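The structure under discussion appears below in the form of C-alpha cells.
The values are calculated or read from the model by the stated rules, or taken from the named source; none is laboratory data. Small disclaimer: the values here were computed from a predicted structure and weren't measured. Positions of Cβ are generated from backbone atoms using ideal geometry, with glycine treated the same way; all protein chains shown enter the neighbour counts.
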Amino acid sequence: MDSSQIVDDTTAAVELRALSKQFGGVRANADVNLRVERGTIHGVIGENGAGKSTAMKILYGIYRPDAGEIFVGGKKCVWASPSDAIAMGIGMVHQHFMLAGPYSALDNILLGAEPVRWGFIERKKARERLESLARQYGLPVEWDRPVEQLPVGIQQRIEILKLLYRHSNILILDEPTSVLTPQETSDLFANLKKLRDEGKTIVIITHKLKEVMSFTDRVTVFRAGKVTGEVETSRTNPQELANLMVGRKVVLSIDVPPARPRPETAIEVQGLSLAGPSGSRHKLSDVSFSVKRGEIVGVAGVEGNGQSELLQALLHPRESRCRTAGPVRYLANDVTVWDAAKIRDLGVAVIPEDRQSEGLLLERPVSENFLLGLQRSDAFSRAGFLRLRNLEKTATLAVEEYDVRPRGLMNTAGQLSGGNQQKLIVAREFQRQPQVLIAAQPTRGVDVGAIEFIHNRIVRARDEGAGVLLVSSELDEILTLADRILVLYEGRVVAEFQRADVSERELGLKMGGG
Amino acid sequence: MRKLLQPILAVALGLALGLAVTWIAGESPWHVLKILEKGAFGSGYDFGMTLFYTTPLIFTGLSVAVAFHAGLFNIGAEGQLTVGALAAAVVGAVWSGLSAPLAPVVAVLAALLAGTIWGAIPGWLRARRGSHEVINTIMLNFIAAGLTSYVALYLLKNPDSQNPETRPIGPGYLIHQFGIFGGAPVSAALPLAILAAALVWVLLWRTSLGFEIRAVGQSEPAARAAGIDAGRIRIIAMCLAGGLAGLVGVGEVLGNAGKFKVGFSPEFGFIGIAVALLGRNQPAGILAAALLFGALHKGTADLDFETEHVTRELSLILQALVILSVSADGLWSWMKERRRPVIPETAGGVTC
Amino acid sequence: MLAQLLASTLRVSTPLIFAALGGMFSERAGVVNIALEGMMLLGAFGAAVGTLVTHSPWLGSACGMGAGILLAALYGLFAIRLRANQIVAGTAINMLALGLTPFLCKILYDVTGSTPPIPIDQRFRTAPLYLSWVLVLVCWVWMKRTPSGLWISFAGEHPEALNAAGIRVNRVRWLAVLISGALAGMGGASLSIFLSSSFSRNMTAGRGFMALAALIFGKWKPVPTAIACLLFGFAEAVQIRLQGVSLLGSKPIPVQFIQILPYLVTILVLAGFVGHSRAPKAAGTPFQRE
C-alpha cells in the first residue's frame, strides 16, 4: 500500500500525539509528541534511556502504547503488530540487528514477505528483485552466506535492503552508526541522502550531536521520556541541542587537580589480544600500556572498538580466548595465570560496563549485592561462614555514605534507579580499599548529582594512591578525569596523549580512526 | 504472605482438578478424599508408610533445589538416586562381613559418592563443554537404569530370587527402624533427610559457598565479574545435588529392602522436581512439600481396591496438576489481567 | 538374519521418526519439548481406543494424533501462553500422561493399565513405516521451501526478528507445538496399533526421550534426524535379537550396553566430542510482546 497516493504533500509523514508507555512502573515515554515531515532526514536524539527507542518501537508496532495516537500520512493508525506498520510503509533497522546468524542473507531479508507460488518460496524471483535493488542503491551483498559470517557493515546493509524490499517509505534507523567505522558511516549517510532525495522519509535515532548536525533536516530531542524540543537543524547549534538533551549546562563542574603519579606500576600489559566472534570488529589486538599508581588513564573510543574485550582480558587473562605477549602485571604481581578472584583480592575494584548484568543481582536485596565479590573477605566471612551481622553494619554505613536511596538493605537491587544502582556498585567496590580501580562507563545513564559524586570518588581514589583505568565513550568524562589518554580503535591503541596536550577535536579524530 | 499463599492455592487447584477427574470417573470426590486421608494418616502403620515415602522425596527435592539455586535444572535425580542405591547395595553385598557402627557409615558414603559422581558428570559437561544439563541428565537417567540393571542381573544377581535384584547386604549394614509405626520401614534415613535439609539451609544462606551458588544462579555475568568461577560453582552444585539424591539409597537399601531392586523408585527423582517447586526451593518448604507428596503417594495406593474406578495413578495426575499450577508464573498475572479491562490487542488491526 | 535385523530396524524406528520429527517442529520454533514422551504415550492410548471403537487403524491413528494434539494444546497453554518454564511444564505433561492413561483404561475397560488386544486385521501392517519416510521428505521440503518453515526456524533462532518482520511469534510456536503433538501422537499410534497389539502402561518406555536424543544427534534437521532414528532403532533391534542369546559359552550377552548406547552417544555429541550440534538459540525462552 502506498499511502502517499491518498493524501497531499502537506501532511506529515508520521505524527505521534501524546504517546505514553510504562514498563513495570518505569515511565519510558510520557506525553510524547513528534512530527516527521515527508522527504526529510529527521534526527531523534537524547541520552541513553531517554525514551527515543521506545517511541520509535511504538511507531513500528513492536510496543503497544498505554495512551496516545499514531498518524501516518494524516491517517490515524492502531497497530496490532509490526505487520500493520509494515503494511503502511514503515520499516525499522534496530540497534541490535534483527538477523538470525545461521540463515542466509536472502532468507533474513525475505522473512515475512516471501514471494510464494504453490505454497513454496520463490527464492529466485526474490533474488532478482534484490539484485536490482542492490544495484540501484549500491548495496551489494552475498545472498547465500549465513549472516553471522558477514561483517557488521554488511549486516546493516542487509537490514536496509530488508526495508527497501518491503517498499518502506518511512525508514527508522536506531543508532545506526554505533557499530560503524567512519568510512562506513559516511557511506551510510550518503546512501540515506540518496534515499531521501528519492522521496523516502528517514528517521535516525542517535545520541551523537555531530551526526545530527551534519546529516539531518530536523531534530526532535528527548529527555527522561519526554520531548524537550523539535527544531530545524539549520537553525540550531550543538550547544542548544545538548542543553535540551541533558537539561543543564554540559560543563562538568568538578575541577580535577593534576595527578602526582607514583613510580610503582598498578597495571601493566604487553601485547594483549582477545578474539571476538568471527566477522566482527569486537576484538582486541596487541594492546600494550601501563597505569602507574596515583594516576588516571583514560581509554577513549567509540563503543564496540574493543572496550568490552579489554575489560574481559584484564579480569580473566587466563581464559583461552586471551593471548598475551608479555606478563599481565598488577601491582608487581604476574597474574597471567591467576583467576579473577585472586586478582580481585589484590585490591582490584571494578565498576563493570553493564551494571545490570555484570554488576548486580537484580532480584536480590541490597545487602547481598553489597556482599557480591566480598563473600570470602575477612570482613564478611570466617571459616567459610558469612558474618551477616558485620555485613549489615558495614552495608548500612556504606549506603549512608554513598547516598544510596532508598536506604533499606532489604530492597532488591532491581528496585533502585540507575543512579542508585551505580552508587551501590561504587560503594561496594570501594569497600576493597582499591589499589587498582577499573571503571567502565562509570556514569552512563546516571543523574547529574550522582555523576559528580562518582567522579569525585574516582579522583579521591587516585589521590589516595590507586591506579585508575577509566574506560568511557564520553569524551567529556575522559577529558575531565584522565591524566593520560589512550585511544582505542578497532581493538588497537592508536594514540596516546597527555591530557594537557590534546584537544577534543584531535581526540575525536583519533577515535574515528583518523 | 503471597509466597505462602501461592503454593497453597496451587495445591488446592491441583487437588480440585484431580478430584474433578475422579468425579467424572463416577466416584464421589469426598469418598476419594477420605480414602486418601485414611490411607496416608489412618494408622501408625499408614503414617509410617507416608513417612517412608516422604524420606526420599526430601532428598530429591533438596537435590533439585540446590541445582536450581545455581541456575541448573537437575532432571537427573532419578539416575543419581539409582546409582546411589546400587552403590550402597554393592558395598553391603561385597563386604558383607562388616559390622554395625562402621558398615552403615561406609554404605552411606558409598551412596553419597556414587550420586555425587553421577551429578558431577552433567555439571562438568555444562561448565566445561557448554552442553545443557537437562538433556544430559535425562540421558544419564537411562544410562543409570541400564548399568544398574546390568549389575543386578549379571554381576551381583540374587541367586535366591526371580526378581531383578542384587544379593542381600550383610546384616551389619541394616540401620535402625523406628518401632512405633507398626512395622512400617521408617528408618534412621528420615532424621538423616531432615538433617540434610537443615545443612542445605545453612549452606545456602549462611556460607560463602552458598552465596556463590546463589549468585551464579541469579546472574552468571555478575558472578564472573565478582571473581566467582561460575563453572566451578556449577560443578560443585551438581555434585551436591547428585550426592543428596544418592542418599535416597540409604532409606531404601539400608533401611528397607536390604538389597538393590531394579525399579524400586516410583520416579522419586521426578516427583522431587514437584517437591522443590512447591517448596519454593527452600528447605523448610521442601520438608512440607515432601510430606504432602509422600502422603499422596501412600494415600492413593489404597484407591485400587477401595474404589470401583479410581486407580493409584491418581497420584501421578495430582502431582502433574500441582506442578502445572505452580509452574505457571504467568498464571497468576494472567488471572489478574483477565479481571482488568485491557486495550484489545486486535482492535480491528489497522484502522486507517 | 541380517535382512531380518534390517526389517526390524525399520519397524522399531518408525515411532521414533514420527516423534522426533514432531520434536523438530516445536524445538526449531523455540519450544523445548520434553513432553514428547507424554504426547506419544497418550497418542498410543488414543490410537488403541480409537481402533477398538472404529475398527479402523486409520481412524484409530487419527484419534491418536488427536490425543497428541490435545496434550500439546495443554502444553502450549503453559509453555507459550502462560510462559511457564518449559522443562517443568514438560515434566508435568509426561506425568499427566503416565497417570491418565491407566486411569482411563480402568474407567473404559475396567482393566488396570492396558486396553484389550486389537484384532490383527484391524492393525497396521506396514503403512506407518512408509508414511514415516514420506513424512521425512515432506518435513524436509516444508522447512526448506515454505514460508511457514522459515517462520518456524526464525521463531526458534531469533524470535524478535520474526516479530519485527510482522509475524506473530507465538502463533508460529502454537502451530509448531500442535504439529508436534500430532506427530508424537502418530508415533504413539505406531507403537500401539502397528508394533504391538494393544496399549499397555508406560508402553513408550522412554522412546519420547530417545526421539529427543535423535533430534539432537540429527542437529534438529529432518533427514539427519531420521537417520539418527534408524541408528537408534538398529540398536534396539539388535538388543531385541540378542535378548537371552548366549555367545561364547554360557553367559548371555548383556543387552544393557546396547540399550544405553544411544544415550551415551547423545551426550558425547552434545558435548562436542563427536561432531557438534547447536540448538536453536531461543529454544526454551518464552516470547513476550510488550
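How many residues does segment A:361-380 contain that are facing chain B (nearest Cβ under 10 Å) and touching a strand residue (DSSP E or B) at 6+ places or on another chain (Cβ under 8 Å)? Outline the logic, then answer.
Taking segment A:361-380 first, the residues facing chain B (nearest Cβ under 10 Å) are A:361-364, A:368-369, A:371-377, A:380.
Then keep just the ones that are touching a strand residue (DSSP E or B) at 6+ places or on another chain (Cβ under 8 Å); that gives A:362-364, A:371, A:375, A:380.
Total meeting the criteria: 6.
Counting just the residues of segment A:257-275 that are among the polar types (S, T, N, Q) and closer than 16 Å to A:R318 by Cβ, which one comes out surrounded by the fewest Cβ atoms within 10 Å (Cβ to Cβ)?
Going through the qualifying residues, I end up with A:Q270.
Do you know which residues across segment B:276-323 are among the acidic types (D, E) and crowded, with 24+ Cβ neighbours inside 10 Å? It would help to see each step written out before you state the result.
Let us first name the residues in segment B:276-323 that are among the acidic types (D, E), namely B:302, B:304, B:306, B:308, B:313.
Matches in segment B:276-323: B:E313 only.
Among B:L247, B:L324, which is the only one that is at pLDDT 90 or above and under 18 Å from the mean Cα position of the chain (by Cα)?
On the way: B:L324 fails: at pLDDT 90 or above.
The conditions single out B:L247.
Of all the helices (runs of 4 or more DSSP H) wholly in segment C:1-120, which have at least 3 residues that are at pLDDT 90 or above, within 14 Å of chain B (Cβ to nearest Cβ) and over 17 Å from C:L183 (Cβ atoms)? Can you show your working first?
Working: elements: C:2-28, C:36-54, C:57-76, C:86-109.
Output list reads C:86-109.
Within the group C:G156, C:G208, C:G166, which residue is touching an Asp or Glu at 6+ places or on another chain (Cβ under 9 Å), free of Cβ contacts under 8 Å to residues at least 60 places away in the same chain and of a type in the set (G, A, S)?
Numbers: C:G156 fails: free of Cβ contacts under 8 Å to residues at least 60 places away in the same chain; C:G208 fails: free of Cβ contacts under 8 Å to residues at least 60 places away in the same chain.
Result of the check over C:G156, C:G208, C:G166: C:G166.
List pairs: first residue in segment A:327-339 and more than 15 Å from A:I438 (Cβ to Cβ) and within 14 Å of chain B (Cβ to nearest Cβ), second residue surrounded by 17 or more Cβ atoms within 10 Å (Cβ to Cβ) and of a type in the set (D, E, K, R) anywhere in the structure, Cβ distance under 9 angstrom, at least six positions apart or on different chains.
That search, which allows pairs on different chains as well, returns A:D339/B:D229.
Select, from A:I121, A:I154, the only residue that is touching a helix residue (DSSP H, G or I) at 6+ places or on another chain (Cβ under 9 Å), within 9 Å of another protein chain (Cβ to nearest Cβ) and farther than 23 Å from A:G61 by Cβ. Give the derivation first.
Details: A:I154 fails: within 9 Å of another protein chain (Cβ to nearest Cβ).
When all the criteria are applied, what remains is A:I121.
Tell me, which residue of segment B:34-55 that is under 24 Å from the mean Cα position of the chain (by Cα) and aliphatic (A, V, I, L, M) is farthest from B:I175 (Cα to Cα)?
This residue is B:L36.
Test of understanding: among A:G414, A:G419, which residue is part of a helix (DSSP H, G or I), more than 30 Å from A:S290 (Cβ to Cβ) and either in contact with a His (Cβ under 8 Å, 6 or more places away or on another chain) or within 12 Å of chain B (Cβ to nearest Cβ) (or both)? Walk me through how you get there before you give the answer.
Working: A:G419 fails: either in contact with a His (Cβ under 8 Å, 6 or more places away or on another chain) or within 12 Å of chain B (Cβ to nearest Cβ) (or both).
Going through A:G414, A:G419 in turn, the sole match is A:G414.
Of the residues that make up segment A:157-168, is at least one in the same structural domain as A:V14 (by TED's automatic domain parsing), in contact with a strand residue (DSSP E or B) (Cβ under 9 Å, 6 or more places away or on another chain), surrounded by fewer than 20 Cβ atoms within 10 Å (Cβ to Cβ) and aliphatic (A, V, I, L, M)?
no
With the requirement that a residue be surrounded by fewer than 21 Cβ atoms within 10 Å (Cβ to Cβ) and assigned to a helix (DSSP H, G or I), what does segment A:462-479 give you?
We begin by selecting, within segment A:462-479, every residue surrounded by fewer than 21 Cβ atoms within 10 Å (Cβ to Cβ); these are A:463-465, A:474-476, A:479.
Matches in segment A:462-479: A:D463, A:L475, A:D476, A:L479.
Quick one: B:K34 ticks every box in (1) surrounded by fewer than 22 Cβ atoms within 10 Å (Cβ to Cβ); (2) in contact (Cβ under 8 Å) with a residue 12 or more places away in the chain except a single one, so which number is it?
With respect to (1) surrounded by fewer than 22 Cβ atoms within 10 Å (Cβ to Cβ); (2) in contact (Cβ under 8 Å) with a residue 12 or more places away in the chain, B:K34 is out only on (2).
Scan segment B:92-103 and give yes if some residue there is more than 14 Å from chain C (Cβ to nearest Cβ), out of contact with any strand residue (DSSP E or B) (no Cβ under 9 Å at 6 or more places or on another chain) and surrounded by 24 or more Cβ atoms within 10 Å (Cβ to Cβ), otherwise no. Reasoning before the result, please.
Restricting attention to segment B:92-103, the residues satisfying the condition of being more than 14 Å from chain C (Cβ to nearest Cβ) are B:92-103.
Adding the requirement that they be out of contact with any strand residue (DSSP E or B) (no Cβ under 9 Å at 6 or more places or on another chain) leaves B:94-103.
Next, from what is left, pick out any that are surrounded by 24 or more Cβ atoms within 10 Å (Cβ to Cβ): none.
Within segment B:92-103, none of the residues are more than 14 Å from chain C (Cβ to nearest Cβ), out of contact with any strand residue (DSSP E or B) (no Cβ under 9 Å at 6 or more places or on another chain) and surrounded by 24 or more Cβ atoms within 10 Å (Cβ to Cβ).
Just give me the residues in segment A:101-153 being closer than 17 Å to C:A161 by Cβ and among the hydroxyl-bearing types (S, T, Y), in sequence order.
Listed by number, the residues that qualify are A:Y103, A:S104.
What number goes with the only condition from (1) out of contact with any Ser or Thr (no Cβ under 8 Å at 6 or more places or on another chain); (2) under 23 Å from C:A228 (Cα atoms); (3) among the hydrophobic types (A, V, I, L, M, F, W, C) that C:L70 does not pass?
Condition not satisfied by C:L70: (2).
I'd like to check something: does segment B:273-281 contain any residue that is touching a strand residue (DSSP E or B) at 6+ places or on another chain (Cβ under 7 Å), part of a loop (DSSP other than H, G, I, E, B) and either within 25 Å of B:A93 (Cα to Cα) or more than 11 Å from every other protein chain (Cβ to nearest Cβ) (or both)?
No, there is no match, as no residue in segment B:273-281 is touching a strand residue (DSSP E or B) at 6+ places or on another chain (Cβ under 7 Å), part of a loop (DSSP other than H, G, I, E, B) and either within 25 Å of B:A93 (Cα to Cα) or more than 11 Å from every other protein chain (Cβ to nearest Cβ) (or both).
Quick one: how many residues across segment A:462-498 are free of Cβ contacts under 8 Å to residues at least 40 places away in the same chain and more than 20 Å from the chain's Cα centre (by Cα)?
5
Residue check: is C:S153 buried (at least 18 other Cβ atoms within 10 Å of the Cβ), hydroxyl-bearing (S, T, Y) and within 14 Å of chain B (Cβ to nearest Cβ)? Working first, answer last.
Numbers: buried (at least 18 other Cβ atoms within 10 Å of the Cβ): yes; hydroxyl-bearing (S, T, Y): yes; within 14 Å of chain B (Cβ to nearest Cβ): no.
Against the criterion (buried (at least 18 other Cβ atoms within 10 Å of the Cβ), hydroxyl-bearing (S, T, Y) and within 14 Å of chain B (Cβ to nearest Cβ)), C:S153 does not qualify.
Could you give me the residue pairs with C-beta distances under 7 Å whose first residue belongs to segment B:271-284 and is touching a residue at least 24 places away in the same chain (Cβ under 8 Å), whose second residue is among the basic types (K, R) and part of a helix (DSSP H, G or I) wherever it lies, and which are 6+ apart or on separate chains?
That search, which allows pairs on different chains as well, returns B:R280/B:K3.
In segment C:175-193, is there at least one residue being surrounded by fewer than 24 Cβ atoms within 10 Å (Cβ to Cβ) and within 14 Å of another protein chain (Cβ to nearest Cβ)?
Among the residues of segment C:175-193, not one is surrounded by fewer than 24 Cβ atoms within 10 Å (Cβ to Cβ) and within 14 Å of another protein chain (Cβ to nearest Cβ), which makes the answer no.
Quick check on segment B:126-173: of everything there that is free of Cβ contacts under 8 Å to residues at least 60 places away in the same chain and not in a helix (DSSP H, G or I), which residue is farthest from the other protein chains (Cβ to nearest Cβ)?
B:D160
Inspect all residues belonging to segment A:45-52 and state whether any of them is over 30 Å from C:K221 (Cα atoms) and assigned to a strand (DSSP E or B). Don't jump to the end; show me each part of the working.
Going residue by residue through segment A:45-52, those that are over 30 Å from C:K221 (Cα atoms) are A:45-52.
Filter once more, keeping what is assigned to a strand (DSSP E or B): A:45.
Yes; the residues of segment A:45-52 include at least one that is over 30 Å from C:K221 (Cα atoms) and assigned to a strand (DSSP E or B).
Give just the number: which of (1) in contact with a Leu (Cβ under 7 Å, 6 or more places away or on another chain); (2) exposed (fewer than 15 other Cβ atoms within 10 Å of the Cβ); (3) acidic (D, E) does A:D107 not satisfy?
It is condition (2) that A:D107 fails.
Filter segment B:257-272 down to the residues that are more than 10 Å from the chain's Cα centre (by Cα) and crowded, with 23+ Cβ neighbours inside 10 Å, then identify the one that is nearest to the other protein chains (Cβ to nearest Cβ).
This residue is B:F260.
Which residue, of C:V32, C:V88, is within 19 Å of the chain's Cα centre (by Cα) and without any contact (Cβ under 8 Å) to a residue 40 or more places away in the chain?
Details: C:V32 fails: without any contact (Cβ under 8 Å) to a residue 40 or more places away in the chain.
None of the others qualify; the one that does is C:V88.
Looking at the structure I just gave you, is A:V78 within 11 Å of chain C (Cβ to nearest Cβ), of a type in the set (V, I, T) and surrounded by 18 or more Cβ atoms within 10 Å (Cβ to Cβ)? Full working, then the answer.
On the way: within 11 Å of chain C (Cβ to nearest Cβ): no; of a type in the set (V, I, T): yes; surrounded by 18 or more Cβ atoms within 10 Å (Cβ to Cβ): yes.
Here the answer is no, as A:V78 does not meet what is asked.
Please indicate, with yes or no, whether at least one residue in segment B:174-186 is in contact (Cβ under 8 Å) with a residue 60 or more places away in the chain, in a helix (DSSP H, G or I), surrounded by fewer than 24 Cβ atoms within 10 Å (Cβ to Cβ) and more than 14 Å from chain C (Cβ to nearest Cβ).
Yes: one or more hits.
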